[in-house]
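Down below is the structure, laid out as C-alpha cells.
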C-alpha cells in the first residue's frame, strides 16, 4: 500500500534513477512505478541520460511522487538536474548546461563527482564548478569504492553545499538502495533547504548489476526493447 506522503513529517527520496529511456536502462515505466510504490518511496527523481521523456510520462502517471530530472552529458562529464520542464542538450559545456537548468527554474549538481572508475565522472572538473552548482551527489549506490562517496560528501561539507543520494538504478531491483530522508518541500528552493536537514541511507550495489547495463546497451542498439532510447548518442 502506498504511504501517504502528505501526512508524513519526512519524505524518503531516491534522487537518481533510470528507466528504459536511458540507453543503459531496462526498467519499463509501469515496472518502475510499481517498484517505487512497493518500496514506499515518497519522491523519486527520474534522471535518464540526456532525455526527460520517460520522466514526463511518469509524472503524468504519478504526479506527486515523480520529480522530472535528467542526467546531462557535458564536455567534461555528467551533471544531474531536477525540476526540469525542457531537456538539456547533450554535449554542451558544463557551464552552459548549468545556465540552461537555472533558466527554467531547475536545480543542478554533479552526479558521482569523484568516482575513480566511471569515465563520465567529473573528477577534477568538479572543483571548477563548485561555485556554480546547487548540490553534490554524496552517495551513489553504483560507486564501487565507498571512499569516493565519502570524498564527495566531505567536499560538499567543505564548500557548504547540500548533498543528495540515489540508487542510480538501471534495473527495478536497485530502486531505493540509496535514499535521502528529508523534510517535505514544495519548490526547488525548498528542496535545497530540505536537503540540508536530510539524512542519507544507502548500500553499495553489487558489481554484477553492471552486466545488466551492458546488456541494455546492446538491446537498445539492436532494437530488442519496446522503447528504444533514441535520444542519446552512443559514447
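Bear in mind that the values in this text are calculations on the coordinates, not laboratory data. None of these values were measured; they are calculated from a predicted model. Note that each Cβ is placed from the backbone with ideal geometry, even for glycine, and that neighbours are counted across all protein chains shown.
Just a few scattered comments:
- Length gained when the stretch residue 158-residue 99 is fully extended (0.36 nm per residue, less Cα-Cα span): 18.9 nm
- Fewest-first ordering of 83, 32 by other beta carbons within 10 Å of each residue's beta carbon gives 83, 32.
- Each of 14, 168 was scored by other Cβ atoms within 10 Å of its Cβ. Arranged with the fewest first, they read 168, 14.
- For 19, 74, 164, 31, the sequence from fewest to most other C-beta atoms within 10 Å is 31, 74, 19, 164.
- Cα shape, segment 9-222, gyration tensor, a/c 1.5 rule: rounded
- Taking a ≥ b ≥ c as the square roots of the eigenvalues of the alpha-carbon gyration tensor, segment 41-154 is classed oblate because a/c is 1.5 or more while a/b is no larger than b/c.
- Note on segment 149-201: the alpha carbon radius of gyration divided by the globular reference 2.2 N^0.38 Å gives 1.23.
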